[in-house]
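Derivation of every value follows stated rules applied to the coordinates shown; laboratory data play no part. Predicted, not measured: the structure shown is a model, and the values here were computed from it. Glycine also receives a Cβ, built like all others from the backbone with ideal geometry; neighbour counts cover every protein chain displayed.
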Amino acid sequence: MFVDSHCHLSFPELYSQVDSIRAAMATAQVDRALVICTTLEEFPRVHGLALDHENFWCTAGVHPDNESVSEPDTATLVELARRPKVVAIGETGLDYYRLAGRSLDDMHWQRERFRVHIRAARAVRLPLVVHTRSASSDTLAILREEGAAVGIGGPGGVFHCFTETLEFARSALDMGFFVSFSGIVTFRNANELRDVVRFVPLDRCLIETDSPYLAPVPYRGKTNNPSLVPWVARQVAESKALPLEFVARATTHNFERLFGVPSRQEQSI
Ligand SMILES: [Zn+2]
Ligand SMILES: [Zn+2]
């Protein structure tokens, strides 16, 4: 059984297909999924998916790329995070990829928003789902400044859709974070990332689709959905030279540990 630790089932191209996606998940032995929130406006739909389906959970947060949306404060995030089936804060982080002519100084609002999320995660003691793109050093610096590391009593979390360097992965592990791999690990030109896959211990690895984006090979370019996460697991297994069932079992167990989701055995007692 596999778990998709990061998907956007609330996005229109997937939301209208949830029933058929759930059927495809069952066929592909994808047992559970974490539905990720990217705006406060979107939260009711994201949360509704988690409430309506026993094998979906969700997060509360505002993605760093989203401008012209409601700006979250810590109290609002804390209130949402205390609702049933909300298991993490995010996705949050920094994204300097689309500066569109702005300087890093101009992105102060993104850093403030990130800090607000970390403070909420600390208050409710829930892990962070961190997005980082073209912003490695600021991301790590803010996580450290805001006390996010597990070793100092922080909430920890996961760096999702990991595309950073091996050095960054080392820092993430040192801070007690998990590393989540997406379909990018299956792309032909992703040799450096596959080195990172080999480097990160299996007990710190998660797998995800980040659907509807980033469909793994052999579906690259198509609309992604959680039923395709086994293709990510297969690549992780191949890169680490481990049996697929080891990767399935470990990433499922890691998901349960990080997000405090009961195992299937615990659930049936
Ligand atoms: Zn992301
Ligand atoms: Zn995402």
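Scanning region 208-231 for residues that are within 16 Å of ligand 2 (Cβ to nearest atom) and not β-branched (Val, Ile, Thr) yields GLU208, ASP210, SER211, PRO212, TYR213, LEU214, ALA215, PRO216, ASN224, ASN225, PRO226, LEU228. Residues in region 76-110 that are closer than 20 Å to GLU145 by Cα, away from ligand 2 (no atom under 16 Å from the Cβ) and among the small types (Gly, Ala, Ser): 0 in all.
Which ones in region 111-128 are closer than 13 Å to ALA149 by Cα and either within 16 Å of ligand 2 (Cβ to nearest atom) or part of a helix (DSSP H, G or I) (or both)?
ILE118, ARG119, ALA121, ARG122, PRO127, LEU128
Quick one: in region 92-110, which of the residues that are of a type in the set (D, E, K, R) and part of a helix (DSSP H, G or I) is surrounded by the most Cβ atoms within 10 Å (Cβ to Cβ)? So, considering only residues that are of a type in the set (D, E, K, R) and part of a helix (DSSP H, G or I), the one surrounded by the most Cβ atoms within 10 Å (Cβ to Cβ) is ASP106. Just for region 15-59: of the residues that are within 12 Å of ligand 2 (Cβ to nearest atom) and of a type outside the set (S, T, N, Q), which one is farthest from the chain's Cα centre (by Cα)? Applying the filter and picking the extreme gives GLU42.
Results for (1) out of contact with any strand residue (DSSP E or B) (no Cβ under 7 Å at 6 or more places or on another chain); (2) closer than 17 Å to VAL229 by Cα; (3) more than 15 Å from ligand 1 (Cβ to nearest atom); (4) not in a loop (DSSP other than H, G, I, E, B), shown as yes or no for each residue.
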site	(1), (2), (3), (4)
ILE142	yes, no, yes, yes
GLY154	yes, no, yes, no
PHE162	no, yes, no, no
GLU167	yes, no, yes, yes
SER171	yes, no, yes, yes
GLY176	yes, no, yes, no
ILE184	yes, yes, no, yes
ASN189	yes, no, yes, no
ARG194	yes, yes, yes, yes
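Among the residues of region 23-45, the one identified as out of contact with any strand residue (DSSP E or B) (no Cβ under 9 Å at 6 or more places or on another chain) and surrounded by 18 or more Cβ atoms within 10 Å (Cβ to Cβ) is GLU42.
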